[in-house]
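Colleague: What follows is a single structure, and I will ask about it in a moment.
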Amino acid sequence: MNHSRITTEGFRALATHKLRTFFMMAGTIVGIAALTVIVSMGKGTQREVMKRVNAFGTRLIKINAGGGKGYTKPQANVVTLKMEDAEAIRSTITGWDIVTSVAQKHGIPMKAGSRQCEGDVFAVDPDWHEAMEWPAQVGEGIAAEDMATMAHVCVLGTRLAKALFGDENPVGSDILINNVRYRVKGALSDHPASPGGDDENNRAVIPLTTGLRRTFNQNHLTYIRVRMKNVADVPKTAEQIRQLMHERHHISPPETDDFSIVTAKEVAEAARGISGTLTALLVTLATLGLLVGGVVMMNILLISVGERTKEIGLRRAVGATRRAVLLQFLTESLTVTLIGAILGCALGWGVSILLPRYFKVVTVISWEPFALAVLFAVLVGLVFGVQPARRAARLHPVEALR
Amino acid sequence: MIELENIEKTYVSGSVATPVLKGISFRVGSGEYVAVMGASGTGKSTLMNILGCLDKPTGGQYRLEGADVTALDDDALSRLRNHKVGFVFQQFHLLDRATALRNVMLPLIYAERYPNDAKQQAEKALAAVGLADRMSYKPSQLSGGQQQRVAIARALITNPHLILADEPTGNLDSRSGTEVLAIFKRLHRDGRTILLVTHNEAVAEHANRIVVLRDGKIAEDRAVTRPRDAEAELAALAKEENR
């Protein structure tokens, strides 16, 4: 038996029945294209999620004032989160690297000479610079001594510095925050956007004690940041902190919390949004589509076996063995799905490139889904091609010729 | 060449058994030209299928060139059909979408070895049946007689000793039929064994021997003393046309 001649017969049969071949191929093309686009989009989303998680920090546990679930923001009107809570965490919880407390207010009027603007005020403890990995680029950051003396000093973010001082070095000058005079002791480096996409450079950082007692006149915090030594401890420690806070704030679980805890997990879930489940659903649908395409191909092949009964009988009469007939029909189904898969990949690749230009989606194109798609399609071709091919091969030559 | 001993063929459908061949024994020597006759339903097509290794008898023994065919499996029968038997059918059975040349080359695809000069062989075979100028024509572009000649070229491409023709002139006008029979005459002269199945006495008389089937048995087996000569008849026809 000459395999290459018989496979050529298969190709020839496809080439002479172009419309039928196209219909057989259509399902595979669309299925594979959809599958590759969806996977590329899924990977794009995954990359975005990782970006945000990394921006948030994988070792971080953030305790926000105010309740809520998921990726919450601190609530300005909740006054129950205290410095004592941070102290309790430091003393009861183990495995932390840095615990830092922040009280913040937005849209505070600021003035330097004739220039004025609105900015955010962050009252922080000296560990904040290290916790945020955000030291002063020029001058100095907030120090323990500033805390102890409740000094009127501040460190400026790049955007605020630019708004108040233009291109001049602000260090050593004074600014007015809410009409109270502060000495600029340093300037922060430019900070990338937050996980939520906010600009973080429009801020003045002041000592926590000064902020609470003198500027804001309050004794509650906005949030506490706990950085763990090990990533692995984060989920367990988050739970311990939750319990500690329940005890300290006298909350028993059916009651709503007056605080919320955010870790990388919540950030990832928020970033993924519904797209995670959606991707899984779409992948399932596309896979089903591909299978339906396979069934359609199988049916067309079965019909074609019926139509070509005489041809099969003739081939058998002139010496084709059952295997030769089987091989020809398998060649037809495999070729259909293979070419369909390649066309589908090309289509999927094109769409994956074009989609982000017109819609708010991110796609990441990698070779794996395409290789997998082709493999999968060939498998479909084999699985759904075997039945018609076997039917063709089993035809009795005498009956087929009748 | 062909030895049949008490061949039986019974079709079973459910609980009903229909015997079609009821013990057929005869021999065909190498180079013989035999017509198998009989009314429809007498089993001549069934006999032809068994002789052509397309079907197996339910009883008896069939030896082709000394080898017992009844014992062979499907693959071996396929191989036998490929290089020992050439079929010519009433309905031609050409592939509609393939050219005459491709149709003739078809059996070579299933040959043990695909010859390097397959195309040249097919061209030669087509030229031998007078279709040198129709090689790239599709069946739909050919007349019935031409289609049957393509089918004969296809039957000859693997150079088989046995040609089995089932009503080869059945779908043809008399002129085309005579042309086909003239080709058989030539093949017979070249030493090939020809078995011609027909219900038509006039066609059967071209053979040297006539075997008549009746009710699944051989009713008659006689030599034709003066077979008709299709070549001479064709020449006469041509003469008449030229007049």
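Here is a yes/no grid of residues against (1) surrounded by fewer than 18 Cβ atoms within 10 Å (Cβ to Cβ); (2) modelled with pLDDT under 90:
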{"site": "A:CYS345", "(1), (2)": "no, no"}
{"site": "A:SER352", "(1), (2)": "no, no"}
{"site": "A:VAL364", "(1), (2)": "yes, yes"}
{"site": "A:GLU368", "(1), (2)": "yes, yes"}
{"site": "A:LEU372", "(1), (2)": "yes, yes"}
{"site": "A:VAL380", "(1), (2)": "no, yes"}
{"site": "A:ALA389", "(1), (2)": "no, no"}
{"site": "A:LEU395", "(1), (2)": "no, no"}
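Colleague: Examine the range B:136-159 for a residue that is under 21 Å from A:SER4 (Cβ atoms), assigned to a loop (DSSP other than H, G, I, E, B), within 13 Å of chain A (Cβ to nearest Cβ) and not hydroxyl-bearing (Ser, Thr, Tyr), and state whether such a residue exists.
Modeller: yes
Colleague: Right, next: Can you pull out the residues in the range A:128-142 that are farther than 21 Å from A:MET228 by Cβ and of a type in the set (A, V, I, L, M, F, W, C)?
Modeller: Those that are farther than 21 Å from A:MET228 by Cβ and of a type in the set (A, V, I, L, M, F, W, C): A:ALA136, A:VAL138, A:ILE142.
Colleague: Condition (residue is over 22 Å from B:VAL85 (Cβ atoms), part of a helix (DSSP H, G or I) and within 14 Å of another protein chain (Cβ to nearest Cβ)) applied to the range A:292-311: is it met by at least one residue? Don't jump to the end; show me each part of the working.
Modeller: Step one: filter the range A:292-311 for residues over 22 Å from B:VAL85 (Cβ atoms), giving A:292-308.
Subset that is part of a helix (DSSP H, G or I): A:292-307.
If we keep only those that are within 14 Å of another protein chain (Cβ to nearest Cβ) too, we end up with A:304, A:307.
Yes, some residue in the range A:292-311 is over 22 Å from B:VAL85 (Cβ atoms), part of a helix (DSSP H, G or I) and within 14 Å of another protein chain (Cβ to nearest Cβ).
Colleague: Next question. Quick check on the range A:7-24. Is at least one of its residues assigned to a loop (DSSP other than H, G, I, E, B) and either outside the structural domain of A:ASN217 (by TED's automatic domain parsing) or touching a Pro at 6+ places or on another chain (Cβ under 7 Å) (or both)? If you could, list the steps in order and put the result at the bottom.
Modeller: Initially, the range A:7-24 is screened for residues assigned to a loop (DSSP other than H, G, I, E, B), giving A:17.
Okay, now just the ones that are also either outside the structural domain of A:ASN217 (by TED's automatic domain parsing) or touching a Pro at 6+ places or on another chain (Cβ under 7 Å) (or both), so A:17.
Yes, the range A:7-24 has at least one match.
Colleague: Quick check on A:THR237: is it surrounded by 20 or more Cβ atoms within 10 Å (Cβ to Cβ), away from chain B (no Cβ under 14 Å), of a type in the set (S, T, N, Q) and within 38 Å of the chain's Cα centre (by Cα)? Step through it out loud before you land on a result.
Modeller: Values: surrounded by 20 or more Cβ atoms within 10 Å (Cβ to Cβ): yes; away from chain B (no Cβ under 14 Å): yes; of a type in the set (S, T, N, Q): yes; within 38 Å of the chain's Cα centre (by Cα): yes.
Against the criterion (surrounded by 20 or more Cβ atoms within 10 Å (Cβ to Cβ), away from chain B (no Cβ under 14 Å), of a type in the set (S, T, N, Q) and within 38 Å of the chain's Cα centre (by Cα)), A:THR237 qualifies.
Colleague: Inside the range A:146-169, can you point out the residues that are within 39 Å of the chain's Cα centre (by Cα) and surrounded by 15 or more Cβ atoms within 10 Å (Cβ to Cβ)?
Modeller: A:CYS154, A:VAL155, A:LEU156, A:GLY157, A:THR158, A:ARG159, A:LEU160, A:ALA161, A:LYS162, A:ALA163, A:LEU164, A:PHE165
Colleague: In addition: Does A:GLU133 satisfy being free of Cβ contacts under 8 Å to residues at least 12 places away in the same chain, surrounded by fewer than 17 Cβ atoms within 10 Å (Cβ to Cβ) and not in a helix (DSSP H, G or I)? If you could, list the steps in order and put the result at the bottom.
Modeller: Working: free of Cβ contacts under 8 Å to residues at least 12 places away in the same chain: yes; surrounded by fewer than 17 Cβ atoms within 10 Å (Cβ to Cβ): yes; not in a helix (DSSP H, G or I): yes.
Yes.
Colleague: Inside the range B:4-34, can you point out the residues that are crowded, with 22+ Cβ neighbours inside 10 Å and farther than 21 Å from B:GLU65 by Cβ?
Modeller: B:LYS9, B:LEU21
Colleague: Is it the case that A:PHE259 is in contact with a Ser or Thr (Cβ under 9 Å, 6 or more places away or on another chain), more than 20 Å from A:GLN387 (Cβ to Cβ), more than 14 Å from chain B (Cβ to nearest Cβ) and among the aromatic types (Phe, Trp, Tyr)?
Modeller: Details: in contact with a Ser or Thr (Cβ under 9 Å, 6 or more places away or on another chain): yes; more than 20 Å from A:GLN387 (Cβ to Cβ): yes; more than 14 Å from chain B (Cβ to nearest Cβ): yes; among the aromatic types (Phe, Trp, Tyr): yes.
Yes, satisfied.
Colleague: Then there's this: Residues of the range B:92-130 being facing chain A (nearest Cβ under 10 Å), in contact with an Asp or Glu (Cβ under 9 Å, 6 or more places away or on another chain) and not in a helix (DSSP H, G or I), which ones?
Modeller: Correct list: B:HIS93, B:LEU95, B:ASP96.
Colleague: Something else about it: Tell me which of these A:ASP167 doesn't satisfy, since it passes every other one: (1) farther than 24 Å from A:SER260 by Cβ; (2) outside any loop (DSSP other than H, G, I, E, B).
Modeller: With respect to (1) farther than 24 Å from A:SER260 by Cβ; (2) outside any loop (DSSP other than H, G, I, E, B), A:ASP167 is out only on (2).
Colleague: Out of all the residues in the range B:59-78, is one or more within 12 Å of chain A (Cβ to nearest Cβ) and assigned to a strand (DSSP E or B)?
Modeller: No, the conditions are met nowhere in the range B:59-78.
The values are calculated or read from the model by the stated rules, or taken from the named source; none is laboratory data. Computed from a predicted structure; not experimentally measured. Neighbour counts run over all protein chains shown; Cβ positions are idealised from the backbone, glycine included.
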